[in-house]
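The values are calculated or read from the model by the stated rules, or taken from the named source; none is laboratory data. As the structure is a prediction and not an experimental result, all values here were calculated from the model. Every residue, glycine among them, receives a Cβ derived from its backbone with ideal geometry; neighbour counts consider all protein chains shown. Side chains are part of the model used for accessible areas, which takes the heavy atoms of the whole protein and leaves out ligands, DNA and RNA. Shrake-Rupley method; radii C 1.70, N 1.55, O 1.52, S 1.80 Å.
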Amino acid sequence: IRKIAVAVDGPAGAGKSSISKLVAQRLGYLYIDTGAMYRAITWAALHAGVDVKDEIKVTALLPSIDLRLEPTKDSFRVYVNNREITADIRSQAVTGHVSQVASYKSVREFLVEKQRQMARCGGVILDGRDIGSVVLPDAELKIYLTASVDARAHRRWLEVKDIEEVSLEDIKRSVKERDLMDTTRKESPLICVPEAVVVDSSNMSFDNTVEHIMKLIIDKS
Ligand code: C5P
């Protein structure tokens, strides 16, 4: 069967990454987590001691960032200038600043170019906020994966509660803050494009959502 390009967009914590990763693995697709790329730039800025609120300074840092996503058997590793930062990009510090950094036009141009190059070979699933609208407007299948704020915050809390001391309320606040920034920013805000298939996973299990999305892809292939 033919392999297509799949765009998966949606708000924070909807399960885009974990679901897309598994679907890609099962179908033999390349999975590209574009959120990880925005996180990597944010990590690099924090690591360099750059004020992430300063768009000019963040922009000036971009040419010195060699960002690489290296696919592994069931996931991928993230490198900045040959240093592995796969785990570091999930910290609360990065999560708390990433939407600010992702709002800068220079950062988006830098990463969108890389994302298109990585997606060139077809048979890809990209997840993010602007995949169907900006990165791959010609994708054969566009999915808008969403869930209620409560469901998303709860899932995220289950993921991080054993790693970091953080309350469900704090996570909920952070999810809402990111949603607001991501949907109201000037540069390629998160939108649900009219041609997207909306999947609301609030009352769906992880396995059901995976099955459902696999079927959508197979039907288009
Ligand atoms: O998907 P994830 O939650 O890891 O994304 C982190 C942040 O990166 C998002 O909240 C958003 O601000 C930004 N992002 C983006 N465009 C994308 C992917 C992520 O602006 N395509």
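For the range 1-128, what is the per residue volume of the convex hull drawn over the alpha-carbon atoms, in cubic angstrom?
That works out to 102 Å³ per residue.
Under 5 Å between amide hydrogens, which residues at least 5 positions from Gly123 or on another chain qualify, with H placed 1.01 Å from N in the peptide plane?
Residues meeting the amide H criterion: Ile4, Ala5.
Residue by residue through the range 151-168, what is 3J(HN,Hα) from phi via Karplus (6.51 cos²θ - 1.76 cosθ + 1.60, θ = phi - 60°)? Round to whole Hz and write x for glycine and proline.
5, 5, 5, 5, 5, 4, 5, 4, 5, 9, 4, 8, 9, 10, 7, 8, 8, 4
Using only Cα atoms, what is the ratio of the radius of gyration of the range 171-221 to 2.2 N^0.38 Å? Don't skip to the answer; put the middle values down first.
Details: Rg = 14.4 Å, N = 51, 2.2 N^0.38 = 9.8 Å.
Dividing the Cα radius of gyration by 2.2 N^0.38 Å gives 1.47.
Across the range 124-132, in residue order, what do the Karplus-derived ³J(HN,Hα) couplings come to in whole Hz, using 6.51 cos²θ - 1.76 cosθ + 1.60 with θ = phi - 60° and x for Gly and Pro?
10, 10, 10, 10, x, 10, 10, 5, x
Considering only protein heavy atoms and a 1.4 Å probe, what is the carbon-and-sulfur percentage of the accessible area of the range 83-125?
Here carbon and sulfur together make up 49 percent of the probe-accessible area.
If amide H atoms are built 1.01 Å from N in the plane of the peptide, which residues on other chains or at least 5 residues away come under 5 Å of the amide H of Arg77?
Amide H to amide H, under 5 Å and 5 or more residues apart or across chains, Arg77 pairs with Glu70, Thr72.
If you line up the Cα atoms of the range 1-70 on their principal axes, what length do they span on each, largest first, in Å?
Extents along the principal axes: 46, 24, 16 Å.
Hey, what D do you get for the range 56-136 in µm²/s if you plug the Kirkwood alpha-carbon radius into Stokes-Einstein at 37 °C and 0.692 mPa s?
232 µm²/s
By per-residue mean of other Cβ atoms within 10 Å, what is the highest-first order of 66-72, 198-204?
198-204, 66-72
Quick one: which of 54-65, 25-36, 169-180 comes out on top by average Cβ neighbours within 10 Å, and what's the full order, highest first?
25-36, 169-180, 54-65
Taking only the alpha-carbon atoms of the range 36-80, what semi-axes of the equivalent ellipsoid follow from 5 times the gyration tensor eigenvalues under a square root, in whole Å, largest first?
Semi-axes, largest first: 24, 9, 7 Å.
Can you work out the accessible area per residue across the chain, with the rest of the protein chains kept in place, probe 1.4 Å, in square angstrom?
Ligands and nucleic acids excluded, the result is 50 Å² per residue.
Return the sequence-ordered ³J(HN,Hα) values of the range 88-105 in whole Hz as given by the Karplus equation 6.51 cos²θ - 1.76 cosθ + 1.60 applied to θ = phi - 60°, using x for Gly and Pro.
With the stated coefficients, the range 88-105 comes to 4, 6, 9, 5, 5, 4, 5, 4, x, 10, 4, 5, 5, 5, 6, 7, 7, 4 Hz.
Compute the convex hull volume of the Cα atoms of the range 119-221, divide it by the residue count, and report the result per residue in Å³ as a whole number.
Taking the convex hull of the Cα positions in the range 119-221, it is 131 Å³ per residue.
Measure out, as a whole number of angstrom, how far apart the alpha-carbon centroids of the range 85-120 and the range 200-217 sit.
Between the Cα centres of the range 85-120 and the range 200-217 lies a distance of 26 Å.
Reported to two decimal places, what Rg/Rh ratio describes the chain when computed on Cα atoms with Rh from the Kirkwood expression?
So for the chain, dividing Rg by the Kirkwood Rh gives 0.94.
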